[in-house]
1. Would you please give the FRET efficiency between residue 3 and residue 107, computed as 1/(1 + (r/R0)^6) with r the Cβ-Cβ distance and R0 = 30 Å, to the nearest 0.05?
2. Nearest 5 percent is fine: what portion of the DSSP beta bridges confined to the chain is antiparallel?
3. Would you mind computing the Rg to Rh ratio of the stretch 87-224 from its alpha-carbon coordinates, Kirkwood style for Rh?
4. Measuring from the lowest to the highest alpha carbon on each principal axis, how far does the stretch 184-323 reach, largest first, in angstroms?
5. Spin-label point model (7 Å from Cα, Cβ direction): what's the residue 173 to residue 329 distance in nm?
6. Along Cα→Cβ, 7 Å out, is where each label goes; now give me the distance between the ones at residue 15 and residue 42 in nm to one decimal.
7. With only alpha-carbon atoms counted, please give the Rg and Dmax of the stretch 145-221, in Å.
8. For the stretch 47-134, what are the per-bin percents of Cα-Cα distances with bins 10 Å wide, up to the bin holding the maximum?
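Bear in mind these aren't lab numbers, they're just calculated from the coordinates by the rules spelled out. Please read all numbers here as calculations on a predicted model, not as lab measurements. All Cβ positions, even for glycine, are placed from backbone atoms using ideal geometry, and neighbour counts span all protein chains on display.
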Ligand SMILES: NC(=O)c1ccc[n+]([C@@H]2O[C@H](COP(=O)([O-])OP(=O)(O)OC[C@H]3O[C@@H](n4cnc5c(N)ncnc54)[C@H](O)[C@@H]3O)[C@@H](O)[C@H]2O)c1
């Protein structure tokens with residue numbers, strides 16, 4: 001049994017992590033922690049009386065039999081806990097996004113390398129059958145690709161002020177692009193893993209009461225001349241369907257993420273396909289994490305995947321702020337890092353130097 005402690009007893013822990021851990025025979029939930037002690041105690045009850053802590057340092061000092069940590073925390077809280085966990089040789093499953101800033105993300109990456117630790121990021125959407133189905137279809141569309149992804153989520157519901165407050169805190173402390181867009185960058189990377197070369201973004205804020213933009217329109221260019229257009233819509237009263245459209249010189253693909261219905265046209269051939277709609281794949285994520293813990297290394301949703309997403313969404317954030325298109329060199333300069341080419345040539349660095357290793 002893999003003995004886990006959960007830090008962060010909020011919404012995603014309640015709806016995703018805890019039911020999956022408790023229902024999985026490879027894992028045991030040995031301790032829980034939240035700065036909000038009432039949440040920690042509630043989760044302790046869910047986990048059959050596992051010890052509850054309000055301070056993660058106290059948890060780590062007291063719980064000596066742990067194999068790993070699950071961090072279901074906002075990105076501004078998680079990096080220092082990750083580094084300490086890795087120092088203690090604990091495996092980490094860490095909610096996306098990797099960090100709230102590029103410098104913290106790089107620090108975290110260096111810690112994974114230095115301690116040779118098990119670090120998996122919670123890109124729970126990448127395991128969907130539809131992601132794999134599109135990956136298999138996309139080769140027939142030719143290159144370069146024009147990929148468009150529209151994601152509408154986190155509906156504005158005046159009867160659920162707690163939800164609205166939680167989403168607004170994400171917007172205030174990070175961005176909808178970093179939270180939602182990081183998933184998109186991640187799974188699109190499984191269809192087109194070419195490095196990004198430029199990013200531009202414009203935003204809209206649909207209510208003065210929000211602490212920042214809730215709508216993002218971004219464009220990302222890749223070295224292989226493919227492009228990605230990402231639309232994120234949060235906190236809208238009605239949500240259009242989330243969709244994927246991919247156009248190449250040899251055909252096109254459309255997928256409706258809500259109905260799971262897809263359509264491919266290549267030359268004279270037209271086909272429909274269906275896949276389970278977009279949904280978090282908790283079981284698959286935890287299967288991968290169990291395998292990573294046993295192997296001593298993450299092979300999917302690695303720190304490099306997290307860094308690639310963080311870097312690309314950070315470039316979009318910088319573009320939205322400055323109104324200019326951002327290249328990897330611009331991003332490196334803005335963060336006081338060496339030019340992107342130098343970083344790429346090194347073994348580690350902000351410009352996704354290593355591609356994902358899939359098996
Ligand atoms: N993988 C997914 O599909 C998915 C879905 C939803 C959310 N998320 C991500 O998960 C993270 C958490 O989201 P959420 O919706 O559960 O947020 P939330 O605000 O409901 O929960 C976060 C919890 O962490 C606690 N916390 C904050 N700092 C802490 C600290 N230093 N020590 C202990 N506890 C601390 C808070 O008190 C809160 O209970 C976010 O980064 C979000 O992007 C991922």
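1. After rounding, the FRET efficiency stands at 0.65.
2. Around 60 percent of the beta bridges assigned by DSSP in the chain are antiparallel ones.
3. 1.00
4. The Cα atoms of the stretch 184-323 stretch 48, 45, 35 Å along their principal axes.
5. 3.6
6. My value for the distance between the label points is 1.4 nm.
7. Gyration radius and largest Cα-Cα distance of the stretch 145-221: 14.1, 43 Å.
8. 16, 44, 28, 10, 1
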